[in-house]
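Working notes for the structure below.
The values are calculated or read from the model by the stated rules, or taken from the named source; none is laboratory data. Small disclaimer: the values here were computed from a predicted structure and weren't measured. Don't worry about glycine lacking a Cβ; one is built from the backbone with ideal geometry, like all the others, and counts go over all protein chains shown.
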């Protein structure tokens, strides 16, 4: 049995692959990218569709096609699609090196976790398939393990492959690898060598990682990292051109520190700058965006194009919002990371975006709202300093603290009574997560997942509060209200 069937990847939705994100980045670089809401989207190596199905649910006017070599995972995904009644997505069991698709083409193509993990001839076939199927103005996303940074991970991979060399069954190999990691951790404890410190850090991460990640990243037959420059050259030979990175902060050395900015300032070629940035930070993973070589684009981002987008944010604001002074206040994201914001206009804008999440507000509308709030707070001079607002919002965007959309909208109606979850939310909750319309995953604890399972429209609030109380809630009514607010923002509740 294939290792991907025995140890399938954990259910994963990758924010950077969402067509709306790809469209925004393309427009920043001068590409007239297609409307994501009505786009045709192809995912290569889709597994059971955990990345693609949420998009299809939230974007009913778009059409999605997923290809994967594992017939078992395709069957699993097809069963989920049928249970949801989706008619805008299809999964096919196919080899990307041999598949023949129709001539309709696709506006967005995704290949996450595939390029480095297939043989060399398949990589060539993959790039050629993307060039044939990518429509003019379309965008392709490819991720790959990168050199030189992956040399350090490769050191651990070589050790693990040696230790499990006599075993063939995937589960046996993973179990043996776990045992070896324990041996290595014990033996390296207290050693001062830099290699020991790196390995200890890597093993701490692997201790929390699922078996599927350990196997496919460290024990799979093929995992070939490549230099960024070699990847760009190979894509160019296939008729594709590198546009930018899906994590936009890598395009701005200043966001990585003063030293990186100074070291790279002398390099005028953006591609050369990216390669030498990899050298500086020892980068081991890339999320590259490609366009056809006949697509018009620019080499540096157009800042005016940013103000033509709509913005959204899901940040916890400070307890007391100060719109009278320019002083840092912290906004916290889902992962608990704090983002310092100084100007009152930006504080007001983020407070507004957080109130209406997942709705996206047009930049000009947001700017006007922020100016009104700051002026009302008493300082009309600060209300006119819109350059500060732009600068801070753009930095928050490239750092991933806020998102941008190609169009405004996405408001969620108030939930119906009795509270009822969508079929999609009920399906995802079985896997311990929900995925909202912005392709952000919220991992659920056992209590939250259990409560969502009760949201079938037959349970009144008293029954739901009782269920929370049975799970240890000391104030079940208050906790239910808080959970309802969270689930509404995630699009779990039907309106």
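Some observations on this one:
- Taking the conditions (1) farther than 30 Å from residue 414 by Cβ; (2) touching a helix residue (DSSP H, G or I) at 6+ places or on another chain (Cβ under 8 Å); (3) crowded, with 19+ Cβ neighbours inside 10 Å in turn, residue 322 satisfies each one other than (3).
- Screening residue 9 with (1) surrounded by fewer than 20 Cβ atoms within 10 Å (Cβ to Cβ); (2) on the phi < 0 side of the Ramachandran plot; (3) out of contact with any helix residue (DSSP H, G or I) (no Cβ under 7 Å at 6 or more places or on another chain) gives one miss only, at (3).
- Residue in the range 339-347 that is over 20 Å from the mean Cα position of the chain (by Cα) and surrounded by fewer than 18 Cβ atoms within 10 Å (Cβ to Cβ) present: yes
- Only a single criterion out of (1) touching a strand residue (DSSP E or B) at 6+ places or on another chain (Cβ under 9 Å); (2) assigned by TED's automatic domain parsing to the domain that holds residue 31 is not satisfied by residue 257, namely (1).
- Of residues in the range 235-262 being surrounded by 17 or more Cβ atoms within 10 Å (Cβ to Cβ) and part of a helix (DSSP H, G or I), the one modelled with the highest pLDDT: 235
- Qualifying positions in the range 425-448 - under 25 Å from residue 19 (Cβ atoms) and in a loop (DSSP other than H, G, I, E, B): 431, 436, 437, 438, 439, 440
- Test: residue in the range 454-471 that is in contact with a strand residue (DSSP E or B) (Cβ under 8 Å, 6 or more places away or on another chain), surrounded by fewer than 20 Cβ atoms within 10 Å (Cβ to Cβ) and not in a loop (DSSP other than H, G, I, E, B): yes
- Just one of (1) within 30 Å of residue 300 (Cα to Cα); (2) touching a residue at least 40 places away in the same chain (Cβ under 8 Å) fails for residue 157. It is (1).
- Condition check for residue 178: part of a helix (DSSP H, G or I), under 30 Å from residue 31 (Cα atoms) and modelled with pLDDT of 95 or more: no
- Unmet requirement for residue 411, which otherwise passes all of (1) assigned by TED's automatic domain parsing to the domain that holds residue 328; (2) surrounded by fewer than 18 Cβ atoms within 10 Å (Cβ to Cβ); (3) within 16 Å of residue 311 (Cα to Cα): (1)
- Yes/no for residue 173 being closer than 23 Å to residue 9 by Cα, part of a helix (DSSP H, G or I), at pLDDT 90 or above and not assigned by TED's automatic domain parsing to the domain that holds residue 8: yes
- Selected residue (criterion: surrounded by the most Cβ atoms within 10 Å (Cβ to Cβ)) from residues of the range 117-142 that are touching a helix residue (DSSP H, G or I) at 6+ places or on another chain (Cβ under 7 Å) and part of a strand (DSSP E or B): 139
- When residue 64 is tested against the conditions (1) assigned to a loop (DSSP other than H, G, I, E, B); (2) in contact with a helix residue (DSSP H, G or I) (Cβ under 6 Å, 6 or more places away or on another chain); (3) modelled with pLDDT of 95 or more, the lone failure is (1).
- Test result for residue 158, in contact with a helix residue (DSSP H, G or I) (Cβ under 9 Å, 6 or more places away or on another chain) and either assigned to a helix (DSSP H, G or I) or farther than 18 Å from residue 3 by Cα (or both): no
- Count of the range 374-390 residues which are within 17 Å of residue 322 (Cβ to Cβ) and in a helix (DSSP H, G or I): 10
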